[in-house]
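Encoded as structure tokens, the structure appears first; notes follow it.
The values are calculated or read from the model by the stated rules, or taken from the named source; none is laboratory data. Not measured: the values here are computed from a predicted model. Here the Cβ positions follow ideal geometry from the backbone for every residue, glycine too, while neighbour counts run over all protein chains shown.
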Amino acid sequence: MDFGQKTEFLSNLKSDLYQKDFLLTWEKSNDDLLAILEIADILKDMRQANISPRVYDSGLAVSVFRDNSTRTRFSFASAANLLGLAVQDMDEQKSQIAHGETVRETANMISFLSDFIGIRDDIFLGEGNKYMREVSFALDEGFNAGVLPVRPGIVNLQCDQDHPTQSLSDLLHLKHEFGSLEALKGKKIVMSWAYSPSYGKPMSVPQGIIALMTRFGMQVELAYPEGYSLIPEVVETARAFAIQSGGSLNINHSMDDAMKDADIVYPKSWAPYHIMVQRTELLKNKDTQGLAELEKQALENNARFSNWEYTDKQEKLTKHGNALYMHCLPADISGISCAKGEVEAGVFEKFRLKTYLEAGFKPYIIAAMMFANKFKDPADVLKNMITGGSKRVGF
Amino acid sequence: MDFGQKTEFLSNLKSDLYQKDFLLTWEKSNDDLLAILEIADILKDMRQANISPRVYDSGLAVSVFRDNSTRTRFSFASAANLLGLAVQDMDEQKSQIAHGETVRETANMISFLSDFIGIRDDIFLGEGNKYMREVSFALDEGFNAGVLPVRPGIVNLQCDQDHPTQSLSDLLHLKHEFGSLEALKGKKIVMSWAYSPSYGKPMSVPQGIIALMTRFGMQVELAYPEGYSLIPEVVETARAFAIQSGGSLNINHSMDDAMKDADIVYPKSWAPYHIMVQRTELLKNKDTQGLAELEKQALENNARFSNWEYTDKQEKLTKHGNALYMHCLPADISGISCAKGEVEAGVFEKFRLKTYLEAGFKPYIIAAMMFANKFKDPADVLKNMITGGSKRVGF
Amino acid sequence: MDFGQKTEFLSNLKSDLYQKDFLLTWEKSNDDLLAILEIADILKDMRQANISPRVYDSGLAVSVFRDNSTRTRFSFASAANLLGLAVQDMDEQKSQIAHGETVRETANMISFLSDFIGIRDDIFLGEGNKYMREVSFALDEGFNAGVLPVRPGIVNLQCDQDHPTQSLSDLLHLKHEFGSLEALKGKKIVMSWAYSPSYGKPMSVPQGIIALMTRFGMQVELAYPEGYSLIPEVVETARAFAIQSGGSLNINHSMDDAMKDADIVYPKSWAPYHIMVQRTELLKNKDTQGLAELEKQALENNARFSNWEYTDKQEKLTKHGNALYMHCLPADISGISCAKGEVEAGVFEKFRLKTYLEAGFKPYIIAAMMFANKFKDPADVLKNMITGGSKRVGF
């Protein structure tokens, strides 16, 4: 592990992450993203080399999960712990945080000795990211008024628009699989809708993927049945990135056609934009009957596309019949987690351990976001720890 | 931040907090209280100066919350973490801790490697503080029998009688707002009942306030509608303190009259003593119908005093029309958290950030209680850390 | 506390615990068990002497509790904290971990930065230990594939077969009560069924006791009413150990007769093997009615043996009428936790604090299992910490 080369590369980046929240990858510069990837890699290498990257002697990392989570919860806990922070869960079941006033208050009440707040809020379209910005605003106010000794950084652990810790883990995985970010230029990645027996899965993963991969010169193929489109603004953002980077973004309504010559495939279910718009409206009005009808209708519609399953047949269409399969996990695996789902069991099994490797980058991506938020010159702090740091384990 | 002056002041106090539980402020001497305030201030300054006050390399701080809590839970977690302890929640849902025998056993079972137990138990009149003393007795027994290597200290995080971490945070806030504790002498503070659409709020905050502020020479005005009295013994205790300190305690049944020339106001709802007595009896007998009737009757009675709202009109009656508004939060704010409540939105907004500052002292008050319990000479330990301590964050 | 003698003894043991899971005591050699006991004793002495045995600067200890627990949960948290690990609970309520595929995946997803996984799974006969081995296999696979940077060790916190952290705590307690392990040779210990108004208690404690105590030359008397037998294979294992160690295993169907001249008694309820077999079958088939009938029948059968209570009368039959009473807690104490139960209140009270001492070894046994798993030469690491280690508390 060449720490010197990596910290040197990092110190030459013009990133602007210091004391900034991490809410959407498309608000960040390319150098910002490169810095996150590089710090994540260095932290991973340090741990592997038994060098502790602990920079906090005390401090809290607060987690606010407004939706179930195992993977991201453990990733956040691991990242916080790696840097020396204790995790404190904010259980909202008894708070009235939905209310504007209370968001403002609660944000401060949980932050007196906190350094980071990780938020997952991906259920309501138009709500998750907005909520994060309300918290952000409240923290600014509290910090400026002297209520908070430090301004805790916010890490988006998935919202209605983006899932940056996932997409950056995915990108770091690709970097390792293909050797470098440069090697990704011109590679074809297919972000494809896939059939699932459930409905209402957020759009944040496919949106995060197309808006990120288009920035690195990749040929991004977004495939879905007619009617399963994503938030239009995000697609436009991705399109603009593709133009800038010399990559491309193409929308395709045939899974088979999309898979042709793909280097990488990411078959995953999501609920279409227009359904999410209706669902959010019905949820706001607490229209239980309307919601039941929408679900029925959506599932019926999904069923029409149950052949959007990634199987051996599709795989054969990809480059050398062996495209790298990716998934944010858990996948709906046909015959294992459900009768028929996103991916055929045999194909999944072939790439199963690779998907674990993919997931394994997330703790380091989150830790990197924290690290970059906290230190003006992260390369310098890392260098010092590598030279004079203590062991993670042992005496 | 003049650490020298503060630690010097601290070392001259004759406090007796070493290895003592903190259950009620009125069991503590004035020097005890001054020591807590001073240690809290020093710990806050240290953290601000990036000096870590971590004195534990390992150890648990157990939290037992028998009632919902966000603020106090985070304050306890923050305090424990600041000193180096990990928080372990004791979830009673599956224990039978109501039983005398089991309290004794559980107290020991959760304490083998624990240094502190924070307890919130404020629902039943006559129960909360009693329960803490049962735990205290059990810990003494276990420690004396060699079961426990150290005797964990107990911190009262709110009981039926007192809310010492709140009242001391409030006092520290006043010290900072008025410049010193001496400056509080002769100041008029109004602890006033205020209307709320809910019922059954504990009396521990108003009791804690009157029994504490009377000790510092303040003119304490306790205002409530006829029938909304507090536990008589606590009022007597406060009265005796007022005489000793050269302050006063006056009971007033007109909110308007009470507010006249006030320097500080603390309008907050509580359930009257006689209602709490009945409620506790009904709860013990599991008399669901009786409880429903009592609630109905109590709410109807409350409604007769819905004009006990702290508004612009009341504020104008205070000194220079600008008394410092205090609240333990969350407040029932008219038009925001409820249709009509304890305080007018405009008045609350004016002091909103000040109430956040007020709340922000609580983690340090709790940490100070732990610190003073653990070290015979806290000033000395603090001095050593200030001179030779490590950074809280950084490498 | 003679650290030198203890670490010397430890370093001469031929144990094979390095990077091994701890699932069943009967899979471990005598030297393995001696090493666990010795490390536990040393860690306990170190803490008492305010020497911190913290060997981790960061890392997670994951707890998976598939059954309620207070004691073991706190013991696991204490052990992890003592060594420097943060506890992260794996709440399975929302995972589908029952499924083979998902166990494999989840095991890896929670382990990216984890050092230990503690598992309690004692409800279904034939399931708990099997589940642990599935997790174990998944971790091996993940580690070998480079998914996991270290292979987390598994600690069995109670399964359907054994409760090793309990039985080893019990043994360490006996070592302290009788002065040495050698002093236990020839001592009579009665592991006796006792009446309880509940049904379905696991067999892991009695099985753990007979399979462990037979290895140290003790005269083990297993007493239960006809029909309340344990898993046959475990009884055979214990019998073989007794022969090897020069001890004995005798089965007795009279409580009174069993108690004669006993040095140690362990009266505790359990559900008989044949009932557990039926129950597991009914649970698998979700046969609610069958389960209700089985419970009714089992409770009726239990009631026939309500005189299997350890009372003053039984105690008089033991050696000098004063055998050491043991229990894993909580006990069903007649007149206190239930009308009629495992033990008479007076007898329990006499030994109550001793049962607390017994329980107090568990955190150190768990920490010792972690320590021995992590270091090839634990004696050496301990020596270094004793000589040059830092204080647990203080500055």
From the list B:255, B:218, B:259, which residue is more than 26 Å from residue B:181 (Cα to Cα) and touching a strand residue (DSSP E or B) at 6+ places or on another chain (Cβ under 7 Å)? B:255
Where in the stretch B:166-280 are there strands (runs of 3 or more DSSP E), lying wholly inside it, with at least 1 residues that are among the acidic types (Asp, Glu) and out of contact with any Gly (no Cβ under 6 Å at 6 or more places or on another chain)? B:219-223
Filter the stretch B:366-384 for residues that are under 17 Å from residue B:9 (Cβ atoms) and among the aliphatic types (A, V, I, L, M) and give the result. B:368, B:372, B:379, B:381, B:382
Within the stretch C:41-73, restricting attention to residues that are within 14 Å of the chain's Cα centre (by Cα) and in contact (Cβ under 8 Å) with a residue 60 or more places away in the chain, which residue is surrounded by the most Cβ atoms within 10 Å (Cβ to Cβ)? C:72
Quick one: residue B:275 ticks every box in (1) at pLDDT 95 or above; (2) closer than 17 Å to residue B:195 by Cβ; (3) out of contact with any strand residue (DSSP E or B) (no Cβ under 8 Å at 6 or more places or on another chain) except a single one, so which number is it? (1)
Looking for something buried (at least 21 other Cβ atoms within 10 Å of the Cβ), within 14 Å of another protein chain (Cβ to nearest Cβ) and of a type outside the set (Lys, Arg) - is there at least one such residue anywhere in the stretch C:316-328? yes
Going by what's in this entry, would residue C:25 be described as free of Cβ contacts under 8 Å to residues at least 24 places away in the same chain and polar (S, T, N, Q)? no
Collect the residues in the stretch C:163-182 that are surrounded by fewer than 24 Cβ atoms within 10 Å (Cβ to Cβ) and within 14 Å of residue C:368 (Cβ to Cβ), keeping them in residue-number order. C:175
Single unsatisfied condition, residue B:12 versus (1) in contact (Cβ under 8 Å) with a residue 12 or more places away in the chain; (2) over 19 Å from residue B:360 (Cβ atoms): (1)
Of the conditions (1) surrounded by 24 or more Cβ atoms within 10 Å (Cβ to Cβ); (2) closer than 23 Å to residue C:85 by Cα, residue A:358 satisfies every one except a single condition; which number is it? (2)
Looking at residue B:22, is it within 17 Å of the chain's Cα centre (by Cα) and within 24 Å of residue C:392 (Cα to Cα)? yes
For the stretch A:39-79, what are the residues that are among the charged types (D, E, K, R) and within 21 Å of residue A:390 (Cα to Cα)? A:41, A:44, A:45, A:47, A:54, A:57
Condition test on residue A:24, is it buried (at least 24 other Cβ atoms within 10 Å of the Cβ) and closer than 20 Å to residue A:132 by Cα? no
Return the residue satisfying two criteria in turn: it lies in the stretch C:356-381 and is of a type in the set (Phe, Trp, Tyr) and within 22 Å of the chain's Cα centre (by Cα), and of such residues it is nearest to residue B:148 (Cα to Cα). C:356
Can you tell me which residue in the stretch C:281-301 is farthest from residue C:122 (Cα to Cα), limited to those that are part of a helix (DSSP H, G or I) and basic (Lys, Arg)? C:296
Which is among the polar types (S, T, N, Q), in contact (Cβ under 8 Å) with a residue 12 or more places away in the chain, closer than 20 Å to residue B:363 by Cα and buried (at least 24 other Cβ atoms within 10 Å of the Cβ), of B:196, B:204? B:204
Some residue of the stretch C:247-260 being farther than 25 Å from residue C:322 by Cβ and crowded, with 16+ Cβ neighbours inside 10 Å: no
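Results for (1) more than 9 Å from chain B (Cβ to nearest Cβ); (2) more than 17 Å from residue C:307 (Cβ to Cβ), shown as yes or no for each residue.
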site	(1), (2)
C:330	no, yes
C:337	no, yes
C:341	yes, no
C:351	yes, yes
C:355	no, yes
C:360	no, yes
C:366	yes, yes
C:371	yes, yes
C:382	yes, yes
Options A:33, A:10: the member that is of a type outside the set (Gly, Ala, Ser), under 22 Å from residue A:170 (Cβ atoms) and within 16 Å of the chain's Cα centre (by Cα): A:33
Take residue A:125 and decide whether it is of a type outside the set (Gly, Ala, Ser), in the same structural domain as residue A:82 (by TED's automatic domain parsing) and surrounded by 24 or more Cβ atoms within 10 Å (Cβ to Cβ). no
